[in-house]
Amino acid sequence: MKLRDMLRREVRRSAASRYEHRLHGLLLMASGLGPTQVADLFGEDPRTLRRWANTLEDQGLPGLRDSSRPGRPPSLDAHKRTELRHDLDAPPSAFGLSGDTWNGKLLASHLRESYGTNLGVRQCQRLLRRIGTNPGR
């Protein structure tokens, strides 16, 4: 995994780290760098930096914090996601499943059996990509 990807994943990990990421970007802009330069450094779109600056101007620092997100709560809480990451370090055969490489179908089966969570195959494929595991096809 590339260092930049690893760091970006860490930034997305929590509301506090996303807030600090925004603050750092705006601090660089306040120091004279343009939105495009900061966006290149941060791996963001320049429009995102402009939106952060507008939000700061309109709402102040509280506006930069994450607002509540609508929708269904996650199927796996943070603790279970951590456990799942460790599970995915082992091959599916370690859990009595056939196959040497994780894919959406095997993950769906594992989640159902080990965690009591029912997710579709496509959702499991997206989960594998998000976690950084190479899903088998």
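The values are calculated or read from the model by the stated rules, or taken from the named source; none is laboratory data. These figures come from a predicted structure and were not determined experimentally. The accessibility values were calculated without ligands, DNA or RNA, using every heavy atom of the protein model including side chains. Shrake-Rupley method; radii C 1.70, N 1.55, O 1.52, S 1.80 Å.
Working note: Karplus 6.51/-1.76/1.60 with θ = phi - 60° gives segment 57-63 the couplings 5, 7, 10, x, 4, x, x Hz, where Gly and Pro are set to x. Applied to segment 100-105, the Karplus parametrisation 6.51 cos²θ - 1.76 cosθ + 1.60 on θ = phi - 60° returns per-residue 3J(HN,Hα) values of 9, 10, 5, 9, x, 5 Hz, with x for Gly and Pro. Looking at the chain, the accessible area is 68 square angstrom per residue; that uses a 1.4 Å probe and ignores ligands, DNA and RNA. Applying 0.36 nm per residue to the separation of residue 113 and residue 68 and subtracting their alpha-carbon distance, the gain on full extension is 13.1 nm.
Seen against the Cα atoms of the chain and their longest principal axis, helix 78-87 is set at about 50 degrees. Is the C-alpha gyration tensor of segment 82-126 telling us rounded, prolate or oblate? Criteria: a/c under 1.5 is rounded; beyond that, a/b larger than b/c is prolate, otherwise oblate. It is rounded, given that a/c, with a ≥ b ≥ c, falls under 1.5. Nonpolar atom fraction for segment 24-132, defined as the carbon and sulfur part of the 1.4 Å probe accessible area, stands at 49 percent.
Remark: segment 121-126, residue by residue, has Karplus-estimated 3J(HN,Hα) of 4, 4, 5, 5, 5, 5 Hz, where x stands for each Gly or Pro and the curve is 6.51 cos²θ - 1.76 cosθ + 1.60 at θ = phi - 60°.
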